[in-house]
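The values are calculated or read from the model by the stated rules, or taken from the named source; none is laboratory data. Remember, predicted model here, so these are calculated numbers, not experimental data. Counting neighbours? That spans all protein chains shown, and the Cβs are built from the backbone with ideal geometry, glycine included. When the accessible area is computed, the model is the full protein with side chains, heavy atoms only, and any ligands, DNA or RNA have been set aside. Shrake-Rupley method; radii C 1.70, N 1.55, O 1.52, S 1.80 Å.
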Amino acid sequence: MKRKALLATVAGGVLTALVFTGCGRTDTAAKDVQPGAAVDAGPATGTVKIWAMGTEGEKLPELIKGFKEANPGATVEVTAVPWQDYAKKIETAVASGSTPDATMVGSSDLASFVAGNGLEAVPEGLVDKKSFFPGAQGSAEIDGATFAVPWYVETRALFYRKDLADAARVTAPESWDKFDDFAKGLQGQGAKWGFSAATGAAYTWQTILPYMWQAGAQLTDEKRTQLTFDSPQALEGLKRYQSLFTNGIASQNGPVNLGEIEPKFVSGEVGSFISGPWEIGLLKQAGGEEFLSKVGLAPVPAGPAGNTSYIGGSHLAVFKDAKNRDGAWKLVRWLSKAETQEQWFRISGDLPAVQSAWDSEALSSDPYLKVFGKQLENAQNAPAVTTWTQIGALIDAEAEKVAKGASTPEEAQAAIQSSAKKIGTGR
């Protein structure tokens, strides 16, 4: 996910919270949902209208040329929608029955949009669900129904100052146990902080959840009717998060604004941090092309249950009120093909959600992308419940208290579980 896409996710998520959960709307449209009617294999016809956000909205028309060649009877109208407007725009369109045919949706926002009851379930057999990274496919499924098709993905890996690590004679840590010595080694070579972690800013939960998963936590019961933050594993994840600050590795005042961390990493003030593939371009901007020789990249360190990272990205969905419903699904199907996703990567830099697209020379030969490709095999999204936006904000607030020493992991866990139980899963 590039910088614009990251900004978009933040803005979109906040707006979605206001639109769909601020009014206390927690019922879900996913219960007992059946897949949409099958779509034939013939070429699309008619006009297909699709909304896309950020850079994707600007660049999608270039990719669409290939779809038009394969479907000469079809016309595609792409509307570029600003991320900060997209949630409200979709809500208004659904309420008035004046939607386009299809839309791009931030993966962490999908559950909230499903609660708005404007999206059609994906037709059975439209795509091969097993072709996508499991974490991406999982984030398209709400309460057992599939409401979108994964389009592009991102995950998080460990960026570190390789020059400082070499000087300290430490290597990228593979586990929590080895991480603290690694970070302190970077501090011994001049870094004020060995690691940078989010400490309560919006979407800090994307930092917290991986620690819980890495400890073995399951955050809902099997049927996603109960939130289960009260497990010993979730507490272990919170304790691991707290230890970053109590051990003096990370600042209690983590980054708040986008673009804040890169200059500190370039200057050597920060020795390492966890982030996504968009950072490669940002670090090049901040430190110049030559600075990349000082950048190391590795999968995130593993806890007792593994090294699960967070997966994000965007999906494609079709509205119930689509005027050209079949044409829209055929466009989505075309966009989900491996060769199309590889071409989209060349145009936009977005990473394919289809695993086989990563076999292409463009992706497999890039040493940085290879790390992200490997990490994507073990990455998860937030629990697919329609109330997640509220719960995520709750975790952000409690994480800040832990980071700043205002509460213990035990107190934070009790507060999260108690409030999350009241919010519910929407079922």
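Just a few scattered comments:
- Translational diffusion coefficient (Stokes-Einstein; Kirkwood radius from C-alpha pairs) of segment 247-318 at 25 °C, 0.890 mPa s, in µm²/s: 170 µm²/s
- Here the Karplus relation 6.51 cos²θ - 1.76 cosθ + 1.60, evaluated at θ = phi - 60°, turns the backbone of segment 138-149 into coupling constants of x, 6, 8, 10, 10, 6, x, 10, 9, 10, 7, 10 Hz, with x for every Gly and Pro.
- Peptides 379-385, 100-106 ranked from most to least packed, by the mean per-residue count of other Cβ atoms within 10 Å: 100-106, 379-385.
- Theoretical gain in end-to-end length, Lys404 to Thr47 [0.36 nm per residue, Cα-Cα removed]: 123.1 nm
- For segment 230-353, the Kirkwood hydrodynamic radius from C-alpha pairs, put into Stokes-Einstein at 20 °C and a viscosity of 1.002 mPa s, yields a diffusion coefficient of 116 µm² per second.
- With respect to the chain, whose longest principal axis is taken over its alpha-carbon atoms, helix 176-188 is tilted by about 60°.
- Accessible surface for segment 264-385, divided over its residues, is 35 Å² per residue with a 1.4 Å probe.
- Kirkwood radius for segment 169-232, taken over all pairs of different Cα atoms as the inverse mean of 1/r, rounds to 14.2 Å.
- Accessible-area composition of segment 180-311, carbon plus sulfur, in percent [1.4 Å probe]: 46 percent
- The alpha-carbon positions of segment 316-403 define a convex hull whose volume is 155 Å³ per residue.
- Applying the Karplus relation 6.51 cos²θ - 1.76 cosθ + 1.60 with θ = phi - 60° to segment 152-159 yields 3J(HN,Hα) values of 10, 9, 8, 9, 10, 9, 8, 8 Hz, where x marks Gly and Pro.
- Exposure rank, largest accessible area first [Asp128, Asp396; 1.4 Å]: Asp128, Asp396
- Per residue, the chain reaches -13000 deg cm²/dmol at 222 nm when only DSSP H runs of four or more residues are counted, each adding -39500 (n - 2.57).
- Sorting Ile423, Ile50 by accessible area puts them as Ile423, Ile50; the probe is 1.4 Å, largest comes first, and only protein heavy atoms count.
- Ordered by 1.4 Å accessible area with all protein chains kept, Arg325, Arg169, Arg224 run largest first as Arg169, Arg224, Arg325.
- Rg in Å to one decimal, and Dmax rounded to a whole Å, for segment 311-360 via C-alpha atoms: 12.3, 37
- Across segment 287-304, the residues whose backbone nitrogen lies under 15 Å from the label position 7 Å along the beta-carbon direction of Glu269 are 287.
- Pairs exceeding 23 Å between alpha-carbon atoms, taken from Lys130/Lys422; Lys65/Lys129; Lys192/Lys294: Lys130/Lys422; Lys65/Lys129.
- At the residue level, Glu236 shows approximately 80 square angstrom of accessible surface with a 1.4 angstrom probe and all protein chains present.
- Sequence-distant contacts, meaning Cα pairs under 8 Å at least 6 residues apart, place the relative contact order of segment 210-296 at 18 percent.
- Correct choice for volume of the Cα convex hull per residue in Å³ that was computed from the model, options (i) 306; (ii) 123; (iii) 144: (ii)
- Here the relative contact order of the chain, from alpha carbon pairs under 8 Å that lie six or more residues apart, stands at 27 percent.
- Fully extending the segment from Glu58 to Ala397 would add 118.5 nm, taking 0.36 nm per residue of separation and subtracting the current Cα-Cα distance.
- Value of relative contact order over segment 34-181, rounded to a whole percent, pairs C-alpha under 8 Å and six or more apart: 25 percent
- Values of log10 I(q)/I(0) for segment 191-291 across q = 0.18, 0.21, 0.22 Å⁻¹ run -0.89, -1.08, -1.13, by the Debye formula with one identical scatterer at each alpha carbon and no solvent.
- From the Kirkwood radius over Cα pairs of segment 81-211, Stokes-Einstein at 25 °C and 0.890 mPa s returns a whole-number translational diffusion coefficient of 133 µm²/s.
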